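Step one of this worksheet: look at the structure below.
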Amino acid sequence: ENTLKLNFTGSAGQSFGAFATKGLTMVVNGNTNDYLGKGLSGAKLVIKVPFKSTIKPEDNIITGNVTLYGAISGEAYINGKAGERFCVRNSGAKAVVEGIGDHGCEYMTGGVAVILGSVGRNFGAGMSGGIAYVFNRDGSFEKRCNGEHLNLLPVEEDNDVKQLKELIENHYNATLSPLAQEILEKWEEYLPKFIKVFPEEYRQALIRLEQEKMQTL
């Protein structure tokens, strides 16, 4: 990890960090266009608001559409909002973002997505695997979610709580996000506002794996 760390300032074009592999860390102080982290293969991507900027990150789009399309592993920490189709076809990457547009986590098959802000319509369409944790501060998420074949659960299990908090801590450490700081400081108050999006197909697969494991003992 961090074998090679590259720092950028300004606006990056399409497909920044595409297919970037393990050991590479790429930090953008600015913004990026569509297809950030396409096919991400183990690298860590950090997109953050420049230090002197006066914008409120969770209210402003900082990366374009189709972030992490087809990513298989790695991490992304985005100190602002992403456009449409965030994490579409993600199969293994972990990502934290502060808001997204329509069709989030579409056809996602693996990995973890943490959304700390507003969510567009049709969230989770065709999502068959992976986990999403959504900060449902205003209670509107259920209306924006494509609930078919998805379980919307409170974040209560120890493994979920640990994973969620760790990813938000990583996000803060990478970006110094004021929103992440607020959530961590008010953790006990805000944790009940998170929803775990758990595809039924994935849940059934985990049950079958556990049954097969028990049969071999």
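The values are calculated or read from the model by the stated rules, or taken from the named source; none is laboratory data. Because the structure is a prediction, the values reported are computed rather than measured. Ideal geometry is used to build each Cβ from the backbone, glycine not excepted, and the neighbour counts take in all protein chains shown. Areas reflect the complete protein model, heavy atoms only, side chains present, ligands, DNA and RNA absent. Shrake-Rupley method; radii C 1.70, N 1.55, O 1.52, S 1.80 Å.
Restricting the first residue to the range 154-182 and requiring it to be over 19 Å from A93 (Cβ atoms), which pairs with a second residue that is basic (K, R) and open to solvent by less than 80 Å² (accessible area, probe 1.4 Å) meet a Cβ separation below 6 Å and a spacing of at least six or different chains?
If the second residue must be basic (K, R) and open to solvent by less than 80 Å² (accessible area, probe 1.4 Å), the pairs left are V155/K196.
Quick check on my filter: what residues within the range 18-58 are within 15 Å of the chain's Cα centre (by Cα) and either of a type in the set (K, R) or surrounded by fewer than 17 Cβ atoms within 10 Å (Cβ to Cβ) (or both)?
Hits for the range 18-58 are K38, K44, K48.
Quick one: in the range 59-90, of everything that is in a loop (DSSP other than H, G, I, E, B) and in contact with a helix residue (DSSP H, G or I) (Cβ under 6 Å, 6 or more places away or on another chain), which residue is surrounded by the most Cβ atoms within 10 Å (Cβ to Cβ)?
If we take residues in the range 59-90 being in a loop (DSSP other than H, G, I, E, B) and in contact with a helix residue (DSSP H, G or I) (Cβ under 6 Å, 6 or more places away or on another chain), then N79 is surrounded by the most Cβ atoms within 10 Å (Cβ to Cβ).
Does R121 qualify as being under 23 Å from R89 (Cβ atoms) and open to solvent by 60 Å² or more (accessible area, probe 1.4 Å)?
Yes: the conditions hold for R121.
Every residue in the range 146-194 that is among the aromatic types (F, W, Y) and either over 11 Å from Y133 (Cβ atoms) or loosely packed, with under 12 Cβ neighbours inside 10 Å (or both), please.
Within the range 146-194, Y172, W187, Y190 meet the criteria.
All but one of (1) closer than 22 Å to V46 by Cα; (2) without any contact (Cβ under 8 Å) to a residue 24 or more places away in the chain; (3) aromatic (F, W, Y) hold for Y107; state the number of the condition that does not hold.
(1)
Name every residue in the range 96-116 that is out of contact with any helix residue (DSSP H, G or I) (no Cβ under 6 Å at 6 or more places or on another chain) and in a loop (DSSP other than H, G, I, E, B), in order of residue number.
Answer for the range 96-116, where residues must be out of contact with any helix residue (DSSP H, G or I) (no Cβ under 6 Å at 6 or more places or on another chain) and in a loop (DSSP other than H, G, I, E, B): I100, G101, D102, H103, G104, C105, E106, Y107, M108.
Taking strands (runs of 3 or more DSSP E) that fall entirely within the range 117-217, which contain at least 3 residues that are within 16 Å of the chain's Cα centre (by Cα) and under 15 Å from E106 (Cβ atoms)?
It comes to 129-135.
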